[in-house]
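Before any comments, here is the structure.
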Amino acid sequence: MKLIQKFIKTPEGIVGIIILSILITLALSAPIIAPGDPLRIAGRALAAPFSDPSLPLGTDRLGRDVLSGIIHGARTSLLVGAAAALAAIAIGLMIGLVAGFCGGIVDEVLMRVVDAFQIVPGFLLALAFVSVMGASLPVVVMAIALGAWADPARLTRAQVLSLRERDYVAAARVIGMPPVEIAVKHILPQAVPPVLAVSATIVAAAILTEAALSFLGLGDPNSVTWGSMISEGRNVLRSSPWLSIMPGLALIVTVLGVYLFSEGLTKAMTRPASTDRSAPRDGMTP
Amino acid sequence: MTLLSVENLRRRYVSTGRDIVAVENATFSIAAGETLGIAGASGSGKSTMARLLLGLMPPDAGKITFEGQDWLSLKGKDLRRQRSRMQMVFQDVLGAFHPTATVGETIGDPIRVHRTVPKPQRTREIARLLERVGLSSDFAGRPVYELSGGQRQRVAIARAIATRPSLVVLDEAVSALDVQVRNRILELLVELQREENMSYLFISHDLAVLRAVSHRLAIMDAGRIVETGHTSDIIEQPQSAAGRALVAATLRLMPGGRQTNTIQQSEPTYDI
Ligand SMILES: Nc1ncnc2c1ncn2[C@@H]1O[C@H](COP(=O)(O)OP(=O)(O)O)[C@@H](O)[C@H]1O
Ligand SMILES: [Mg+2]
């Protein structure tokens with residue numbers, strides 16, 4: 001595919017995809033490379049990094065393996081980030097498509113709801129949701145999605161509104177194609193790619209939100225997360241700063257990887273195609 | 001027999017507080033098998049007229065009777081079914097195709113939507129239509145964006161005639177083509193009209209094109225139809241200022257006069 005070729009040519013895309021591949025591999029193979037429960041006690045407490053070959057990154061206050069925590073934490077971070085972003089984008093696409101395609105009163109009502117969700121900061125929304133529903137992975141995912149679907153919804157609606165005016169949609173109406181088929185086959189596929197381009201930023205934001213929730217003790221208590229590791233390290237920040245620094249670095253690298261990936265994708269999508277597929281559009285009507 | 005009659009059609013656009021009257025008090029009719037040419041300068045309201053007829057937007061006032069039905073009263077499913085009777089060829093042909101569709105899918109859409117043939121025969125029907133417009137049936141699998149301008153126009157025509165409509169609206173359908181390709185497309189259109197007994201509403205800013213295909217002409221100026229009559233009468237003796245301006249512009253482009261018209265053979269030979 002052209003897009004993949006162009007994506008691979010961008011330096012951002014290459015670096016981003018390498019970082020993400022490593023992270024995803026780590027996350028997927030966590031049970032193999034760091035077997036056992038990462039929350040179990042693995043050695044003496046507060047062992048310094050690089051002092052014990054079996055515990056390369058040392059241990060925390062309770063003697064838990066930091067490296068194992070970071071590897072397993074990658075699972076939670078990536079899983080929650082991806083799931084929340086997926087949910088947010090799916091909801092956003094649906095709402096945006098319905099609003100843009102129906103227009104009129106339906107559009108008005110939906111867009112006021114979007115406004116409401118955009119005004120409230122996403123993190124506050126997530127915080128409130130988790131405090132009410134109790135912390136567990138699905139709740140955290142929903143909470144983050146709740147604060148993130150409004151942007152893709154608005155973007156999808158704008159796409160749909162501009163696509164509706166295109167001649168090929170008029171042509172489909174002239175043929176007598178039912179509106180639902182036009183929406184699904186003619187508008188949705190063209191409206192999705194620009195929304196996907198921003199999806200990486202939504203993933204990055206979701207990962208950060210998850211970390212922040214965990215930092216505040218509102219993450220799933222049964223899984224290791226980078227946010228909770230940073231939070232626990234805080235208690236011994238002066239004596240053992242690496243306990244906070246290690247998961248913090250992991251978080252930064254992850255968000256950077258996602259960001260670079262999205263930059264590469266955006267560049268690949270906006271860069272002109274090598275073969276010209278566009279005919280002179282309207283506006284030159286004699 | 002009157003196929004389409006339009007009475008006092010009116011449409012305004014409200015954009016940034018300004019009112020633009022795009023079509024004002026338009027009245028005309030088209031007989032079965034006839035080609036009515038609509039000529040007019042840019043912005044005179046020709047495309048708006050096409051969109052009103054095809055039900056792509058509602059008029060502010062007026063009446064459209066098509067095949068004896070009150071066309072504007074049709075809604076939803078009834079309208080969609082009746083749409084098979086009136087089709088359109090767009091100016092920006094590529095823009096009027098689904099961007100990633102193949103030729104076969106493009107022509108297959110109206111066949112599928114209106115079930116003009118049973119499902120197993122669809123492929124054969126697509127091949128028949130392709131050959132009908134002078135393309136080989138191998139084209140079915142090719143993406144529309146790979147085609148040349150003339151080939152695209154043929155695919156657009158095949159799609160428009162797939163449902164055997166009684167009226168085809170062509171909005172600047174040949175304006176983007178170079179002269180040779182344009183003449184071949186015009187020949188194809190005239191031939192198809194004879195065989196299928198369709199009517200055309202042929203919109204163009206170019207009187208040379210309209211002279212080759214239209215039985216009658218309507219001249220549009222600032223949303224109004226200022227003159228209607230037989231094509232040759234209007235071209236020889238335009239009565240309106242807009243008509244005179246269009247004729248003058250056409251003559252200027254054709255210094256040799258009549259003989260530069262390369263499509264005499266397709267000139268309508270019968271009167272309505
Ligand atoms: N969607 C629109 N909104 C506002 N004004 C429009 C719109 N479409 C066309 N117009 C205006 O209506 C007039 C007629 O346009 P159009 O029907 O496209 O004319 P033509 O096809 O003869 O060039 C022009 O003045 C044009 O600027
Ligand atoms: Mg026009």
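The values are calculated or read from the model by the stated rules, or taken from the named source; none is laboratory data. Just so it is clear, the model here is predicted, and its values are computed rather than measured. Cβ: placed from backbone, ideal geometry, glycine included. Neighbour counts: every protein chain shown. For the accessible areas, the whole protein counts, side chains as well, though only heavy atoms, and no ligand, DNA or RNA atoms are used. Shrake-Rupley method; radii C 1.70, N 1.55, O 1.52, S 1.80 Å.
Odds and ends about this structure:
Every residue, every condition in (1) buried (at least 21 other Cβ atoms within 10 Å of the Cβ); (2) at pLDDT below 95, yes or no:
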site: B:70; (1), (2): no, no
site: B:77; (1), (2): no, yes
site: B:83; (1), (2): yes, no
site: B:117; (1), (2): no, yes
site: B:143; (1), (2): no, yes
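- In the range B:17-34, the residue that is nearest to residue B:86 (Cα to Cα) out of those that are near ligand 1 (Cβ under 9 Å from one of its atoms) and more than 14 Å from chain A (Cβ to nearest Cβ) is B:23.
- Residue under evaluation residue B:95, criteria (1) more than 14 Å from chain A (Cβ to nearest Cβ); (2) over 14 Å from the mean Cα position of the chain (by Cα); (3) part of a helix (DSSP H, G or I); (4) not polar (S, T, N, Q), criterion not met: (1)
- Pair list, Cβ under 9 Å, 6 or more apart: the range B:198-225 residue outside any loop (DSSP other than H, G, I, E, B), other residue among the basic types (Lys, Arg): B:203/B:46; B:204/B:46; B:209/B:182; B:217/B:211; B:220/B:46
- Applying the criterion of being in a strand (DSSP E or B) and within 11 Å of ligand 1 (Cβ to nearest atom) to the residues of the range B:1-16, the residue that is nearest to the chain's Cα centre (by Cα) is B:11.
- Residues considered: B:60, B:109. Of these, the only one that is within 16 Å of ligand 1 (Cβ to nearest atom) and in contact (Cβ under 8 Å) with a residue 12 or more places away in the chain is B:60.
- Residue within the range B:22-42 that is assigned to a helix (DSSP H, G or I) and among the charged types (D, E, K, R) present: no
- Residue within the range A:30-40 that is at pLDDT 80 or above, of a type in the set (Val, Ile, Thr), within 21 Å of residue A:77 (Cβ to Cβ) and open to solvent by less than 50 Å² (accessible area, probe 1.4 Å) present: no
- Identity of the residue in the range B:203-229, within 16 Å of ligand 2 (Cβ to nearest atom) and within 14 Å of chain A (Cβ to nearest Cβ), that ends up surrounded by the fewest Cβ atoms within 10 Å (Cβ to Cβ): B:206
- Search result, residues across the range A:57-115 that are of a type outside the set (A, V, I, L, M, F, W, C), open to solvent by 50 Å² or more (accessible area, probe 1.4 Å) and part of a helix (DSSP H, G or I): A:75, A:104, A:108, A:112
- Output for the range A:119-171, where each listed residue is polar (S, T, N, Q) and touching a residue at least 60 places away in the same chain (Cβ under 8 Å): A:131, A:136, A:156, A:159
This table checks each residue for (1) closer than 27 Å to residue B:192 by Cβ; (2) surrounded by fewer than 15 Cβ atoms within 10 Å (Cβ to Cβ); (3) within 15 Å of ligand 2 (Cβ to nearest atom).
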| position | (1), (2), (3) |
| --- | --- |
| B:10 | no, no, no |
| B:14 | no, yes, no |
| B:23 | no, no, yes |
| B:32 | yes, no, no |
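- Residue match in the range B:53-76 (condition: at the interface with chain A (Cβ under 7 Å from one of its Cβ atoms) and among the charged types (D, E, K, R)): no
- Residue in the range B:168-188 that is over 21 Å from residue B:34 (Cβ atoms), away from every other protein chain (no Cβ under 12 Å) and either within 15 Å of ligand 1 (Cβ to nearest atom) or modelled with pLDDT of 95 or more (or both) present: no
Condition check ((1) closer than 30 Å to residue A:261 by Cβ; (2) away from chain B (no Cβ under 14 Å); (3) at pLDDT below 90) across all residues:
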| site | (1), (2), (3) |
| --- | --- |
| A:148 | yes, yes, no |
| A:185 | yes, no, yes |
| A:190 | yes, no, yes |
| A:198 | yes, yes, yes |
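- Out of A:7, A:50, one residue alone is farther than 30 Å from residue A:186 by Cβ, of a type in the set (Phe, Trp, Tyr) and not in a strand (DSSP E or B). It is A:50.
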